[in-house]
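Student: Got a structure here, written out as structure tokens. Questions coming.
Since every read-out is calculated from the coordinates, none of them should be taken as a lab result. Not measured: the values here are computed from a predicted model. We place every Cβ from the backbone using ideal geometry, glycine too, and count neighbours over all the protein chains shown.
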Amino acid sequence: MKKIGIIGGGASGLAAAITAAKQKDTEVYILEHKEQAGKKLLSTGNGRCNLTNEKMDSSFFRSSEIKCVEAVLEQFGYEDAIHFFEELGLMMRKRNGYIYPRCEQAAVVRELLVREAERLGVKIYTGVHVTEVFPGRKGFKISAGQETFSADRVILACGGCAAKVLGSDGSGYRIAKSLGHSLVPVVPALVQLKIGDNPLKAAAGVRTEASVSAYVDGNNVASDTGELQITDYGISGIPVFQISRYIGKALYKKQKAKAAIDFLPSMEEAEFAKYLMKRLPGREEMKAADFLAGIFNSKLTGCLLSLSGIFTKRRAWELKEEDIWRFTRQCKHTVLSIQDTRGFDNAQVCAGGVSLQEIDWRTMESCYVKGLYITGELLDADGMCGGYNLQWAWASGALAGRAAGNL
């Protein structure tokens, strides 16, 4: 009988437990330091749990060893994830390639995972905070305060350090390092960005379609288009989340990080300028802000006019062609200096982690400690919004559970 200890009862830990428990002659237990397993799942997909995505390949992930990510996904991809949840009895629905439970309740996904693990005989210990893992000649000893657990195989599935309140406290990084592993620097990802002396603060609360680009030391390193949210501290929304890991990495390296916003991605600069000049006849007596009404939210229009050096009460007839071009360029390329991200507590995931060079991608086993497996967010792999980070959790957890149970 093989005893498998899993540290962490999140998405990858539960996937690992269920897969391991299906192997012959296995005894599986989970050590979870929160009051319930799978708590972080409850917040995924705004409570609806975006399980995976029909468009699934390594191009939607970031890692210093992207070939390893690709190899893992080839072994456990989109169809494998669908089959995994179908076996749990979960009915799913597709929306633009995004896969959700049909009930759109993350709580149901958590419940089904926990119920299946328990049905297979997995013991789940909650409120247990693991501090050390000691490999020995005959398996492992796991220290958790006054308690000690033994295991023939150990799966580290502790999560990173994003959203600590939901269970990811970063302890897994320390344990991995104590066992000889090195870390690619860890920074917040899928997170909001803070702007120093925010020139868009007056438009806080506005949501608008926009393209957002990350500039690092003057170079455009990433872009995304979607609904931008303007806040009093800076910017948020899906396109901001998608580029935030690059900003976080740049700030960690003390590089200059800026975000450039195109508030009208559907039109070219010259096309927009021509549109504004054609719009002018018949509106000459209007104030500049009124002349532009109907293009952007009025709060945002005020900010853009101010950044363009145009007084909002200036009459439209006073606007020269150079003023219109200046306003057009501002709308198409508003550059903001990034002061910081909103930190790990507000991040959905982490970028960085245990180097995939130190992991056997076929099994998720450590290259340094035989019988030790590392999964999920602890590893240097982070996905874009859209179910990719959960797919990584299911895939890495299932591979680790399968391998640990087969030994």
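Student: If you place +1 on the Cβ of every Lys and Arg, -1 on the Cβ of every Asp and Glu, and leave all else neutral, what size is the dipole of the range 192-342 about its Cα centre, to the nearest 20 Debye?
Tutor: Computed charge dipole of the range 192-342: roughly 380 debye.
Student: Relative contact order for the range 282-388: what percent, with Cα pairs under 8 Å and sequence separation of 6 or more?
Tutor: Taking the mean separation of contacting Cα pairs over the length of the range 282-388, I get 19 percent.
Student: Could you tell me the number of lysine pairs in the range 251-397 with C-alpha atoms less than 26 Å from each other, where the two lysines are 8 or more residues apart or belong to different chains?
Tutor: Value for the range 251-397: 22.
Student: Here's another thing I want to ask about it. Please determine, in degrees from 0 to 90 and to the nearest 10, the orientation of helix 106-119 with respect to the longest principal axis defined by the Cα atoms of the chain, where the helix direction is its Cα long axis.
Tutor: The two axes meet at around 10 degrees.
Student: Also: When only C-alpha pairs under 8 Å and at least 6 residues apart count, what is the relative contact order of the range 329-407, in percent?
Tutor: Once divided by the residue count of the range 329-407, the mean separation gives 26 percent.
Student: Rounded to the nearest angstrom and ordered from largest down, what semi-axes does the equivalent ellipsoid of the chain get from its C-alpha gyration tensor (root of 5λ)?
Tutor: They are 49, 20, 17 Å, listed largest first.
Student: Using the basic label-point model (7 angstrom from Cα toward the beta carbon), what is the ARG362 to MET1 distance in nanometres?
Tutor: Placing both labels 7 Å along Cα→Cβ, they lie 3.0 nm apart.
Student: Would you mind giving the three semi-axes, in whole Å and largest first, of the ellipsoid equivalent to the range 192-342 according to its Cα gyration tensor?
Tutor: Three semi-axes, in Å: 30, 15, 13.
Student: Shifting gears a bit: Over all distinct Cα pairs, what is the inverse of the mean 1/r for the range 1-144, reported as the Kirkwood hydrodynamic radius in Å?
Tutor: Hydrodynamic radius (Kirkwood, Cα only) of the range 1-144 equals 16.5 Å.
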